[in-house]
1. Rounded to whole Å, give me the distance from the Cα center of the range 101-177 to that of the range 200-231.
2. Could you tally the net charge around Asp64, taking each other residue with its Cβ under 13 Å from the Cβ of Asp64, Lys/Arg +1 and Asp/Glu -1?
3. Where does the range 233-361 land on Rg/Rh, using Cα atoms and the Kirkwood Rh?
4. Of the listed peptides 278-291, 40-53, what is their order by residue-averaged count of other C-beta atoms within 10 Å, with the highest listed first?
5. What is the sum of charges, Lys and Arg at +1 and Asp and Glu at -1, for the other residues whose Cβ falls under 9 Å from the Cβ of Ala147?
6. By how many nm would the segment from Arg167 to Thr112 lengthen if fully extended, with 0.36 nm per residue of separation less the alpha-carbon distance?
7. Please report the net charge: other residues with Cβ closer than 14 Å to the Cβ of Ala103, K and R +1, D and E -1.
8. May I ask which of Lys50/Lys140; Lys40/Lys75; Lys246/Lys278; Lys155/Lys193; Lys97/Lys318 have a Cα-Cα span longer than 19 Å here?
Amino acid sequence: MSDRAVRNLLALQDAASTSRVLNLVAIWNKNRTDPEYSAKPFFNSNILNKTIIIKHTLRINEMDLFGDERSTGTKILVPIDSKDLKLGGRYVFINQKNFEAIAQSTFGVSFTGDNRDRAVLDLLDATPSLDPFLLREQMKRFGIYPADCYFEISKADVERMHNFVAREVNALVSKSFGAGGGNFSKSNKLVSKILSSTADEDLDPLRINLQMKPSEFSEGLFCWRGFLYYKWCHFSSIPKVNSAMKQMIKYQPAGPMDNETRDNLVKVRASLARNIVKTIGDIEETLKRYDDAYAGLTSNNEPQAFRQFLLTAPSMFKELGERLGVVSHIISYWGFRFPVGKEPVIAAAEILRIFSDFDDNLSFSGTSTEMTW
């Protein structure tokens, strides 16, 4: 690996998982003595269970590795030493040409006789985002239940989310404790418990009020965290979405352009703008279902509406997570190719391909993931 690649890998040493990175090395380092970790692994393969999975925006020279047209690949990175990432590692893209043979020859992983691990890799490749809530629900759909430690929110995200979530739960705190002083500290305490990876006995009064069993409430807290996380992600991304859309509308490619390319560029640019706006609207419509249910709990004295929402929320995770994941990919890729303050010179054919890829990624109808083992 190059010095830069090693530095990038070293930066992931203790980093938690994100929507773009599933850091199984960090999870192994933190939880390898936990009995549940051993009993409910993510992969059966010990090698795969100590890898870093990365949603990677493909460079031009990497697109030839695949037999299909795609702009994102899912990279499996195997460190040489799981305890010392500065030694570097080896990688392969899931479902690149000759994937299984390359995986076996590069780091000794064989899928012969273990269709489960192969199916999990296909799921990771098909899922647009690796965020813990979407990934957990995707795996659950196919009867795969890894340990809870694989789906914790990263510490960095928790810290960034904290103030946003505190404002969200302030209405619940005011209802529970009155509008007097001390609500700030109570809000912070409640936020810490909601965002923690396990349910806490201190939240039992809320569980009892919602008439939920402990197991239901634990699952409900996970769902609540999920919607708070998605809501925070969405509103945090809006300024970036607006900025990127303005750039996409204004950008003029370099060099000559024939009439067909010019017409196609006009069409795909308009389609892309419509589909981004529609996707944002779909995201906000789903989030409004959470807002309405939460209002029932805090304002309308209808706790059963919120209880019902928590029980049914997992069914909405896939759609919501996919839409947020695609928008996140578009914004991050555009920011990578078109940094603020710099306008790279790109030919019309290339910018048409980029816009077409974005537009295709926003087509959600009829998509599914088939898995068998």
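1. Cα centres, the range 101-177 to the range 200-231: 19 Å.
2. 0
3. With Rh from the inverse mean 1/r over Cα pairs, Rg/Rh is 1.13.
4. Ranked from most to least packed, the peptides come out as 40-53, 278-291.
5. Every neighbour counted, the sum reads -2.
6. Length gained between Arg167 and Thr112: 14.7 nm.
7. Here the charged neighbours net out to -1.
8. Lys50/Lys140; Lys40/Lys75; Lys97/Lys318
No value in this document is a laboratory result; all are computed from the given coordinates. What you see is a predicted model; the values in this text were computed from it and never measured. Reconstructed Cβ throughout: ideal geometry from the backbone, glycine too, with neighbour counts over all protein chains shown.
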